[in-house]
Amino acid sequence: MNRPTIADLAKSAGVSLSTVNRLLHGTGTVRADTIDRVLEAADKIGFYGLGALRQRKQNSLPRRHFSFLLQQSHRPLYQLWAEGLIAASHRRMDAVIEPNVIFEDDLSPEAVSANLLQIGKLADAVAVITADHPLVSQAIDELRGRGIPVVAYVTDLSAASRAGFVGTDNWKRGRTAAWFISQTADEPGKVFPLVGSNRYQCQDIADASFRSYMRENAPDFQISDTLLTHEVPENAYEIVRHLIEEEPNIKGIFVNGGGISGVLRAMRELSPERQNKIRIVCSDVGPETRKGLSEGLITASLCHPLDKMPAELIDVMLRLIDRRDAHSIEQRIVPFDILTPESLWT
């Protein structure tokens, strides 16, 4: 049997001979949907130049430079998020994406805004995880003026010029955390919410909805004022250690932000009997959280999906490049994962 010719391929794909020649030799432009049709036909008839055609498709894809400004390089959670963003970038088949992940260990708005402006010089689009602050909003305004869309990731921002937001439903997350603590505690008692910063919208919303659920459905529990960890494990350790010493009737801790390793360190200093009386719900998905779940110290983790979230973010950033002049904000809400000691996949 003779091997398929270029003419056979053109006929099978329903395109002209010149179109196939342009594809094979890399001369001229061919529409993306036409390339796909020719590739499908080449695979079907066993065309000898399939490898060259695939390379031509790769060369025809748009090149995008995406920058991701994350925080706290020392936290395993942020390293996991970075790995997810890089993997999601490389999985895209409709564009060649060069991901640039930057960690900002200085959480001050001055440092974040300066970094945003710097990475925006070379990026086609930017995504950022940061606390809400006017200086950050000003940096996003300036980038918008340069035609660079900025997407708030994980936690939303008040900047009117932001182009999008990708995150979870934080109202549901807070109420779900309250449900777990109120339903699994052996009896009513004191519950202590912890946040990393008062300027993270995701934490502030979850804190409000946590209290909303408890007022509505578990009024016998006493909810303390929200305690601030500044996203530092040592601070969380000192807070929880003090609570354990001073509050014999503590029944729950909502770790609504960073610091879970410090909370677990304090919990491990307790006797098993005391540990069993305290319910902990967190939002982390790193190795320390998984260890705490396997030990039974954590009742549930309500965390961001490591695959779905980055994929949605990449999709939003690509769409925003094609519609830079749009004034509406693109929003993607991704269901959070619920991990328990019994559902943990190891």
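The values are calculated or read from the model by the stated rules, or taken from the named source; none is laboratory data. It should be emphasised that the depicted structure is a prediction, and the values quoted were computed from it without experimental measurement. Heads up, the Cβs are rebuilt from the backbone with ideal geometry, glycines too, and the neighbour counts pull from every protein chain shown. Heavy atoms of the whole protein, side chains included, go into the accessibility calculation; ligands, DNA and RNA do not. Shrake-Rupley method; radii C 1.70, N 1.55, O 1.52, S 1.80 Å.
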Checklist entry - When ligands, DNA and RNA are left out and all protein chains stay put, how many square angstrom of accessible area per residue does the chain have with a 1.4 Å probe? => result 47 Å²
Checklist entry - E142 versus N217, label points 7 Å from Cα toward the beta carbon: distance in nm? => result 4.6 nm
Checklist entry - Stretched out fully, how many nm does the piece from A111 to H65 gain, at 0.36 nm a residue minus the Cα gap? => result 14.4 nm
Checklist entry - In straight Cα distance, which lysines are under 16 Å from K251, not counting same-chain residues fewer than 8 positions off? => result K190, K277
Checklist entry - For Kirkwood radius over Cα pairs in Å, which listed value, [x] 21.4; [y] 20.3; [z] 22.6, comes from the coordinates shown? => result [z]
Checklist entry - Between S271 and N249, what length in nm is gained on full extension when 0.36 nm per residue of separation is reduced by their alpha carbon distance? => result 6.4 nm
Checklist entry - Between N198 and T5, what length comes free when the chain is fully extended (0.36 nm per residue of separation minus the Cα-Cα distance, one decimal in nm)? => result 62.8 nm
Checklist outcome for this item: Helix 201-217 sits off the longest principal axis of the Cα atoms of the chain, rounded to the nearest 10 on a 0 to 90 degree scale, by 50 degrees
Next on the checklist: Using only Cα atoms and rounding to the nearest 10 degrees, what angle (0 to 90) does helix 308-322 make with the longest principal axis of the chain?
Outcome noted: 50 degrees
Item to check | Acute angle (nearest 10 degrees) that the helix 134-145 long axis makes with the longest principal axis of the chain, alpha-carbon atoms | outcome: 10 degrees
Checklist outcome for this item: The alpha-carbon center of the stretch 238-314 and that of the stretch 4-24 are separated, in whole Å, by 61 Å
Next on the checklist: Heavy atoms only, 1.4 Å probe, whole protein assembly: order K277, K11 by accessible area, highest first.
Outcome noted: K11, K277
Next on the checklist: Using a Gaussian network model on the chain with a 10 Å cutoff between Cα atoms, which of Y153, Y48, Y200 fluctuates the most?
Outcome noted: Y48
Checklist entry - Counting only protein heavy atoms, what percent of the accessible surface of the stretch 61-167 is carbon or sulfur at a 1.4 Å probe? => result 55 percent
Next on the checklist: From the helices alone, meaning DSSP H stretches of at least four residues, give me the mean residue ellipticity at 222 nm for the chain, per-run term -39500 (n - 2.57), in deg cm²/dmol to the nearest 500.
Outcome noted: -14500 deg cm²/dmol
Checklist outcome for this item: In nm, the gap between the two label points placed 7 Å beyond Cα toward Cβ at H230 and I45 is 7.0 nm
Checklist entry - Does anything in the stretch 285-310 have its amide N under 16 Å from the 7 Å Cα→Cβ label point of I86, and if so which residues? => result 307, 310
Next on the checklist: Using a 1.4 Å probe on the protein heavy atoms, what percent of the accessible area of the stretch 228-346 belongs to carbon and sulfur?
Outcome noted: 50 percent
